[in-house]
Structures are given as C-alpha cells and as structure tokens.
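The next block holds one structure in the form of structure tokens; read it before the comments.
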Amino acid sequence: MKNDTPVFDPVLPFAEKWQLDFVNQFIELKKLQKLPHAILIELRTSVDSRSFGWHLASALFCQSDGQDKPCGQCQACQLMAANNYPDFTFTTLIDNDKTHKLNKDIKIDQIRRLIHQFSLTRNLQTGKVALIYPAEKLNKSSANSLLKTLEEPSSDSTLILLTHNAGRLPITIRSRCQKWVIENPGQRMAEEWLNQQNVPSEQIADYLALARADAQLALQLFQQEFKQQQDNFSALLNNYILNQIDIVSMVKSLKMTDSEKLRLVLKTELQNMIYNLLQNELTIALKQQLSGLTGLLTKVDSTLQTEDNNLNLLLQLEDVLISLKQIVK
Ligand SMILES: [Zn+2]
C-alpha cells in the first residue's frame, strides 16, 4: 500500500494574517484535547488554498511553544517541509495515470488509501491529521467511502476537509463534521493588504469590486493582468458584433478555460455595456436592449460559474455571445 502512495511536492505552509486567529483557535483546542475528529472548513476566498491547509496541519504538529506557528525549525516542521511527516495525509486532485492531466475529482482509491493510513498506528506523539482539499471535489463514491471513517473516528486523529464550497458536499458528510468558516478580510484590511502587495492604490477599489471583496482573488487578478484580458475581450467582441470574425474564432482567440475568470470578464463587459446604455436617454429600443443585457447578466452569474466542464463552458459562452449580438444589433 505504501508504495502506491502518490508523492506530492511538499507545499509551503502559509496563512494570510486574517487567517492566523483561526489557526490559533485550533492550536488552543488541540492543547485542551478538544480538537474535533472531523472538521469542515469553508474558505470564502476562491483562490488556491493548499498552502493554508498545510499551514494549519503544520501548526497542529509543531512542537515549539513560540508565537509563530509553524516555527519551521522543530522536527515536526522539518518533516512537514520535506513532506515526510509519518502521521500526515494529504488528499487532493492528482494527475490521471493515463492522460497525465489533472483529475476533475478526488477518486475513491485516494480515500481508501487515506482510510488505510488513518488506521495505522501513529509514529509520533502529535496525533494524526488527514487533510482533504479541495473537499468539494470528492465524487459520490469517494464521499460515501469517507462516511464510515467520519462515523467511527480513530482516537487522536483529525480529519480536515478544506473547501471553497461546503454546499457542494453531501449533507451526510457535512452533518458529521464541525463546521467553520474563514471569512475574507474586511474592506479596510483588504485595501491595506493589497497596498502592501504593491497593487497601485488607484486600482485597488476596482480589483476588489471585480473580485467581490475577495482580497486574495483581487491580488491574483491584478497579477494576471486581468484588465488587459478584459480589453482583449472587448476588442474581440466588437469585431464579432461587426461581423469581422465569427463566433468560433472569437471563442478560440479568447483562450480562456477558467470558468471563474471567464464569468468575471463577461460580467464586467455586460456591466460596462449596461452602464454606457444608462448614460443615454432611453428610447424603446434602448429599453429593450437594457432588459436583454440585464437578463443575460443574471444568466452569466447563475450558470457559468458552476460549470467545470470545459466543453460545456465554451458552448455556454457561445450561447451567451450569440444572444449578446442579437441584443445589441
Ligand atoms: Zn515547529
């Protein structure tokens, strides 16, 4: 069993400053021996948070009494840094053996492996921790297979399900876990933090609005030059509306398969169009356009963001763009 354990590159443990209080609460619970056996942690940010998961696990193992946990110096921290901690299991999306592409879900074999490792006697004195992230990617059978472990936890073991969307987990799983939520920082802390991350002050409000107050997402969008992508989208859309390119080449030229980003680009574009329309005196034709655009905005908001399948995503995008062209023509 040990031999087919997938080898991960160790993840650098890291928590943002607004997440530290939360980690400290867990350290306190552990000291009091009141750490629940199954914890479901929902993060409000949509940004990749495996570093946070590793930070939390490392903090629970860390042997130092210092303020900064994990200390990075003790035996536990060093074993974690080398991904060699015998009582830690990390279950995440892995590459498919055949296609070498990242799986779309967490497979039952991975959960069976986790359960096996959880059943082994622990090696060190710090208890066992299994981290599953992103837990919303558990498929039906892997979630079912996990249930028994949740019902009959082995002593001194903690299962942490870290997720961006607890609502996507089966109720049977949710009801067996203690639920925690890590909020995004408030407006002021978010602005300060983005400033420290070198986002130009005149762009901070725009990016925070784009990211719906998710500071980490705002930073990521800034770093990925989202505004340039938005301009590129607007230019392509204009060409498409003027019949200079067809729908297929427009979608191809976008080269975007990230549903979250695509939704944002589309949404921002529609909001801009609506805003521009409202600067005019509304004729009957413009009123019709306005209602068409707001309808489309609602659709983009509700459907595109839940779509993980790339092909479906692109088909939906085509659908939205075709409607958009009909509305503005
Ligand atoms: Zn340490």
Based on what the data block shows, is Gln63 modelled with pLDDT of 95 or more and surrounded by 15 or more Cβ atoms within 10 Å (Cβ to Cβ)? no
Of (1) more than 21 Å from Leu20 (Cβ to Cβ); (2) assigned to a helix (DSSP H, G or I), Pro153 satisfies every one except (2)
Requiring at least 3 residues that are more than 18 Å from Arg122 (Cβ to Cβ), the helices (runs of 4 or more DSSP H) wholly within the stretch 20-86 are 20-31, 50-61
Flagged in the stretch 201-235 as of a type in the set (Asp, Glu) and within 15 Å of the chain's Cα centre (by Cα), in numbering order, are Asp214
Among residues of the stretch 101-121 being surrounded by fewer than 12 Cβ atoms within 10 Å (Cβ to Cβ) and farther than 18 Å from Lys137 by Cβ, the residue modelled with the lowest pLDDT is Thr121
Output for Cβ contacts, cut-off 9 Å, separation at least six or different chains, first residue over 13 Å from Ile27 (Cβ atoms) and touching a residue at least 12 places away in the same chain (Cβ under 8 Å) in the stretch 56-84, second more than 8 Å from the ligand (Cβ to nearest atom) and acidic (Asp, Glu), reads Asn83/Asp9
Checked pairs for the stretch 241-267, first not assigned by TED's automatic domain parsing to the domain that holds Leu210, second at pLDDT 80 or above and among the charged types (D, E, K, R), C-beta under 6 Å and 6 or more apart or across chains, list as Ile241/Lys325; Ile247/Glu318; Val251/Glu318
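The values are calculated or read from the model by the stated rules, or taken from the named source; none is laboratory data. Because the structure is a prediction, the values reported are computed rather than measured. Note: ideal-geometry Cβ built from the backbone for every residue, glycine included; neighbour counts use all protein chains shown.
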